[in-house]
Structures are given as C-alpha cells and as structure tokens.
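What follows is one structure encoded as structure tokens, with my remarks underneath.
The values are calculated or read from the model by the stated rules, or taken from the named source; none is laboratory data. None of the values given here were measured: they were computed from a predicted structure. For neighbour counting, all protein chains shown are included, and Cβ atoms are generated from backbone atoms with ideal geometry for every residue, glycine included. All accessible areas refer to the heavy atoms of the entire protein, side chains included, with ligands and DNA or RNA removed. Shrake-Rupley method; radii C 1.70, N 1.55, O 1.52, S 1.80 Å.
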Amino acid sequence: LTGVLDDCLCDIESIDDFNTFKIFPKIQKLQERDYFRYYKVNLKRPCPFWADDGHCSIKDCHVEPCPESKIPVGIKAGSSNKYSKAANNSKELEDCEQANKLGAVNSTLSNQSKEAFIDWARYDDSQDHFCELDDERSPDAQYVDLLLNPERYTGYKGPSAWRVWNSIYEENCFKPRSVYRPLNPLAPSRVFNLGSVSRFSWTGLCLEKRVFYKLISGLHASINLHLCANYLLEETWGKPRWGPNVKEFTRRFDPAETKGEGPRRLKNLYFLYLIELRALSKVAPYFERAVVDLYTGNGHEDAESKALLLDIFRDTKSFHMHFDEKSMFAGDKKGAKSLKEEFRLHFKNISRIMDCVGCDKCRLWGKLQTQGLGTALKILFSEKEIQSLPENSPSKGFQLTRQEIVALVNAFGR
C-alpha cells in the first residue's frame with residue numbers, strides 16, 4: 001500500500017517509517033507496564049439491541065478464571081518485581097495458562113493489585129463523551145490482564161459476528177452510497193456486492209461523516225488484521241500453533257477478493273492511526289503536569305512509566321503531517337453543534353453494540369479499542385479545556401479516567 005491518504009496531506013510511507021522506528025517499540029514497552037496491562041471490563045452486560053443468541057461455545061471465547069493455586073509466585077509474593085520476566089516465565093504461569101486453555105480471559109489478581117485499583121478508582125471521573133462506560137462497581141466487572149489475553153482469532157464468525165458489524169455499518173454509520181455489506185455471510189451471493197473502486201462515491205457526505213465512516217472501517221480493518229496475524233493454524237495434541245494466515249489476509253484485503261475494496265480498508269486503518277496519533281499529541285499537556293501520576297503503588301515503576309509516556313508524546317509532536325481536526329465542525333455554529341452531537345451519539349451507540357459480541361475475547365478487545373477511539377475523539381474535541389488545565393490541581397473541566405488512559409494507549413498500540 002502506497003500513496004497519499006484522502007482528507008489529509010499525509011502519505012503512507014511516512015507513517016510507516018515514523019511508526020516503525022519511533023513509536024511502535026516504545027508503545028510496546030508501555031503496554032507491558034503494570035498501569036497499562038490491566039483493564040476492567042464487564043463481559044456479562046446484555047445486548048441492548050436484540051435478544052441475545054447466546055455466547056459462542058468455542059473454548060477460546062470463554063472466560064476461564066485462573067484458580068488461586070495456579071497464580072504465579074511472583075504475583076502472590078507482592079514484591080516490587082512481581083510482574084518481572086522471571087516471574088512470568090515460571091512454571092506456575094505455564095500451569096495457569098494451561099488451565100486457561102487457548103487464551104481464555106484470565107482475570108486473576110493479587111490482593112495488593114486489588115488495593116492499588118481501589119486507589120486508581122479515586123482518581124477516576126465518571127464523565128465520558130463518546131462511549132457507553134461499564135459500571136466498574138458492578139460485581140460482574142473484572143480486571144483482565146491484557147498480556148495474558150492477546151487479541152487473536154478464536155473461531156468466532158458467521159451470522160452472529162456479521163450481525164454486529166452489519167448493525168454498526170447500516171444503522172450507526174455514515175457511509176458512501178456505493179458500499180454494501182451483507183447481513184449474513186450465508187445469504188445469497190447477489191446480496192454481497194461491495195461495488196468496484198470506480199463506483200465508490202462520497203456524494204452527499206461532508207468531511208465529518210467521511211471521517212466517521214473511515215474511522216469505523218479502520219477499526220474493522222485493524223481487528224481483522226489482528227485475527228489474520230494471530231490465527232490458530234493448527235492444534236495437535238492440545239498444543240496450538242498461532243501465526244500469520246496469509247490466505248485469510250488475502251480473502252479480507254486483496255483487491256481481487258474484495259472487488260477493489262481491500263486497499264481502501266487498509267487506507268482507513270492508516271487514517272485511524274493518524275486520528276489517534278493526533279489525540280496523543282493533543283493530550284500531552286494533561287499528562288505533563290506534576291499532579292498527574294500513573295499510580296500503581298510502586299513509585300519507581302510509576303515514574304518510569306510516566307517518563308516513557310512523555311517520551312512518546314514528544315515523538316508524536318515531532319510528526320509533521322498530522323490530521324487537522326480544526327477542519328471538522330467548522331461551519332455555522334448551530335449546524336456544527338447539531339452534527340457534532342449526531343457524531344457523538346452514533347459513536348456511543350457503536351460502543352453499546354460491543355455488548356452484543358458473542359465471544360468474550362472478541363468482546364474484550366472490541367470494547368477496549370472502541371473506548372480507545374472514543375477517548376481519542378473526546379480529546380480532539382476538548383482542546384480548549386486541555387489548554388486551560390491548572391498545573392497543580394485536578395481539573396474539573398477535562399478529566400481522563402484510568403480506564404480511558406489504558407484504552408487509549410492499548411487501542412493505539414493495536
């Protein structure tokens with residue numbers, strides 16, 4: 001994939017170089033730190049839009065809590081290096097992962113970790129502009145270790161999965177007129193008509209609606225890429241082998257297989273990257289204040305985490321071809337306000353649709369990446385509030401919860 005992206009003055013090669021050599025290695029390190037590896041999620045919220053057709057029965061989709069006896073010694077000991085490489089490479093962790101089968105959601109925590117999360121919650125603010133938030137006080141909400149629960153292909157597909165994406169595109173997304181998507185992959189082939197590149201038309205869609213569609217398409221492409229890159233290639237004698245599935249990637253993105261649509265989907269992924277990159281560069285002043293601490297209870301690690309995050313912010317600011325969000329909602333005030341609210345409500349609905357995903361692993365990563373994008377949008381539409389933040393006291397005008405921070409970093413990492 002090469003060339004300039006639509007609706008911005010940025011080319012794909014520049015993004016590739018910037019990400020590969022500056023951003024990606026640092027984001028990977030940040031995601032491994034305690035503050036960013038735990039995400040609280042309620043995987044039992046009912047689907048608000050249609051009768052639940054039951055969770056998938058594939059073992060990789062299930063939540064399999066790790067029994068107390070199998071928790072790694074390093075975590076139970078509560079030492080400052082409880083998540084060190086040595087601790088996580090221990091026999092106990094292997095037993096734990098075996099008990100969890102093929103990466104079922106692992107929600108085990110030490111008592112010390114639970115106390116730290118209570119402290120984190122004190123700094124959390126319930127306001128959220130673009131996403132339907134889980135109630136963290138719900139008994140069904142649980143912390144999940146994202147490193148023990150990687151995003152990958154679980155086998156969840158078919159009518160249930162297509163129903164979710166169809167609802168997102170057909171009912172909650174502004175889309176080009178020539179793009180059609182089937183409700184059900186088992187439907188007659190005549191329904192599946194994506195149209196050729198030449199018929200792709202943005203007629204009637206303003207910049208804001210084009211941006212919205214491309215963000216959702218980019219999110220879809222991102223999730224599909226992760227499934228292709230971490231695919232269950234074979235399972236012999238209970239030992240699964242995960243890896244890239246080129247055939248699956250071709251089926252989802254090759255121009256010949258997608259009637260010309262595949263490259264556009266990938267370009268939308270780059271566009272999504274630019275939007276979240278822009279949000280990181282804009283939110284830097286919020287974190288640069290001494291009053292903001294990435295608190296876990298381990299002062300040394302917390303200081304290192306913040307230093308690494310600020311280093312990433314400096315890199316994001318050095319990028320010369322950012323998307324200019326000032327071009328959005330720039331018309332007459334009344335029309336712009338109405339369009340912004342429509343934009344927000346559509347996205348909020350999409351975050352609620354994630355509770356209709358039947359596979360827990362897919363639901364976890366869908367909710368996290370949706371909240372990450374929602375947080376990015378919240379940042380981009382709060383520039384004035386961020387610029388006027390007090391240096392030495394918490395802000396009432398603009399606030400990010402720990403959940404939003406974790407989602408933002410991990411979604412960008414994906």
Exercise. Name the residues whose placed amide hydrogens come within less than 5 Å of the amide hydrogen of Gln142, ignoring near sequence neighbours (fewer than 5 apart) on the same chain.
Key: Val41, Asn42, Leu43
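Rounded, prolate or oblate: pick one for the range 280-363, where a ≥ b ≥ c are the square roots of the eigenvalues of its C-alpha gyration tensor, a/c under 1.5 means rounded, and failing that, prolate if a/b is larger than b/c, else oblate.
Values: a/c = 2.44, a/b = 1.31, b/c = 1.86.
It comes out oblate by the Cα gyration axes.
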Quiz item: ³J(HN,Hα) across the range 358-373 via Karplus (A = 6.51, B = -1.76, C = 1.60, θ = phi - 60°), whole Hz, x for Gly/Pro?
Solution: x, 9, 4, 5, 5, 5, 3, 6, x, 5, 5, 6, 5, 5, x, 5
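Would you list Asp311, Asp360 from the most to the least accessible area, probe 1.4 Å?
Details: Asp311 45, Asp360 15 Å².
I get Asp311, Asp360, largest accessible area first.
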Self-check item: Whole-Hz ³J(HN,Hα) from phi, Karplus 6.51 cos²θ - 1.76 cosθ + 1.60, for the range 258-267, glycine and proline x
Solution: 10, 6, x, 7, x, x, 5, 4, 5, 4
Quiz item: To the nearest 0.05, what FRET efficiency results for Ser393 and Leu9 with a Förster distance of 30 Å applied to their C-beta separation?
Solution: 0.20
Practice problem: Starting from the Cα-Cα distance between Leu233 and Ala141, subtract it from 0.36 nm times their residue separation and give me the gain in nm to one decimal. | Solution: 29.9 nm
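Counting other Cβ atoms within 10 Å, which GluC sites (Glu not before Pro) in the range 309-414 have at most 12 and lie in a DSSP loop? Don't jump to the answer; show the numbers that get you there.
Values: sites: Glu325, Glu341, Glu342, Glu383, Glu385, Glu391, Glu404; in loops: Glu391.
When the GluC sites (Glu not before Pro) of the range 309-414 are filtered for loop state and at most 12 Cβ neighbours within 10 Å, Glu391 remain.
Give me the net charge of His226's neighbourhood, meaning all other residues with Cβ under 9 Å from the Cβ of His226; Lys, Arg count +1, Asp, Glu -1.
+1
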Quiz item: With each pseudo-label sitting 7 Å past Cα toward Cβ, what's the Lys337-Thr250 distance in nm, one decimal?
Solution: 5.5
